Amino acid sequence: MRPLFLIAAQFFLQIASISSALVLETMTIKHVLVPIVMEAEAGPFVEHLDLKPIDDFFPSHTPFLAFSGSLGDAKVTVITMGKDVVYETGVDNVGTVPASLATFLALEKMKGAGETPVDLVVNGGTCGGFARKGGAIGDVFLTTGVANHDRRIGIPGFDTYGIGSLSSEIDPSAMAEALGYKTGIVTTGNSLDKTDTDDEYMKDKNDASVKDMEAAAIAWVCKMNNLPYMGVKVITDIVDGNFPSHEEFMENLASAAQSLQSALPKVLNYVCENKELGGSEEL
Ligand code: ADE
């Protein structure tokens with residue numbers, strides 16, 4: 001049995017985290033930063049909103065790209081992590097390092113004079129889902145928190161730091177209900193596949209509903225900037241299913257990007273406009 005003082009401490013922590021939560025439905029959002037790692041994931045959304053590339057947004061020696069435009073009265077800036085030149089592979093810069101660096105640089109840039117400061121970060125992308133949490137290919141998840149599953153440091157204090165669990169500043173449940181999406185915690189690691197130990201962390205420590213390769217890193221940058229983070233993740237593969245993730249991922253990437261293109265405007269419309277469904281086909 002847990003000691004009484006531990007139960008009491010947990011109770012007060014929960015109360016504190018509930019009372020510090022931002023109520024999405026009462027927030028005024030004027031500028032949303034949308035980090036989307038892969039070009040294939042971002043393309044349909046950028047085209048759909050007719051966002052324009054911004055030259056010279058990032059330092060010229062970085063591979064990151066930025067696009068901007070508007071949705072209703074709100075400004076929308078999409079960043080993608082560009083292609084790898086360091087290892088000369090030309091593939092997308094996936095993983096936590098480019099995601100945190102690009103997000104940090106983008107936020108710094110938009111703090112400048114004459115810029116509309118960012119008030120929300122919506123990280124769109126694909127993810128692996130867990131059948132045990134009700135996930136199916138094509139499902140859209142709005143994240144309620146982030147954690148890492150591949151930062152295992154067995155020293156007191158460092159263990160908690162490694163997992164880096166952050167609860168969402170905003171509760172997406174009303175939006176999820178309105179838009180017909182699911183909610184859950186996203187667990188982040190730098191591998192598309194997983195080890196048995198990753199599995200243990202994802203299930204027992206992180207209680208994850210979806211798995212990706214950047215959310216916890218972007219949320220960490222948001223936390224430093226006192227900005228709310230929300231992930232909008234479309235499932236391409238089932239992590240606890242019968243097929244290798246990379247095969248299912250490649251098979252479903254294009255359809256997931258289309259689904260993201262349809263989901264992101266609905267989410268942005270919900271957060272920026274009058275919290276209406278925003279589900280009209282022209283969005
Ligand atoms: N993105 C899409 N599927 C993924 C998976 N299984 N793991 C990490 N990132 C993903």
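Some values worked out for this structure:
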quantity	calculated
Long pairs among Lys83/Lys194; Lys109/Lys205; Lys109/Lys203; Lys75/Lys203; Lys30/Lys205; Lys52/Lys203, criterion Cα-Cα beyond 32 Å	Lys109/Lys205; Lys109/Lys203; Lys75/Lys203; Lys30/Lys205; Lys52/Lys203
DSSP H segments from the chain that extend 18 Å or more along their own axis, Cα-based, with Kyte-Doolittle mean of 0.5 or above	4-19, 96-109
Under 16 Å from the Cα of Lys111 - aspartates and glutamates, other chains or at least 8 residues apart	Asp56, Asp119
Residue list for region 228-254, given a label point 7 angstrom along the Cα-to-Cβ vector of Lys205 and an amide N cut-off under 15 Å	none
Estimated distance in nm for a label pair at Ile155 and Lys111, the labels positioned 7 Å out from Cα along Cα-to-Cβ	2.9
Under DSSP loop assignment and at most 10 Cβ neighbours within 10 Å, longest GluC sites (Glu not before Pro)-free interval of the chain	89-280
Among beta bridges that DSSP assigns inside region 25-272, antiparallel share in %, nearest 5	40
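Read-outs: derived from the displayed coordinates by stated rules, not from any lab. Just so it is clear, the structure is predicted and the values come from calculations on it, not from any experiment. Note that we place each Cβ from the backbone using ideal geometry, even for glycine, and neighbour counts take in every protein chain shown.
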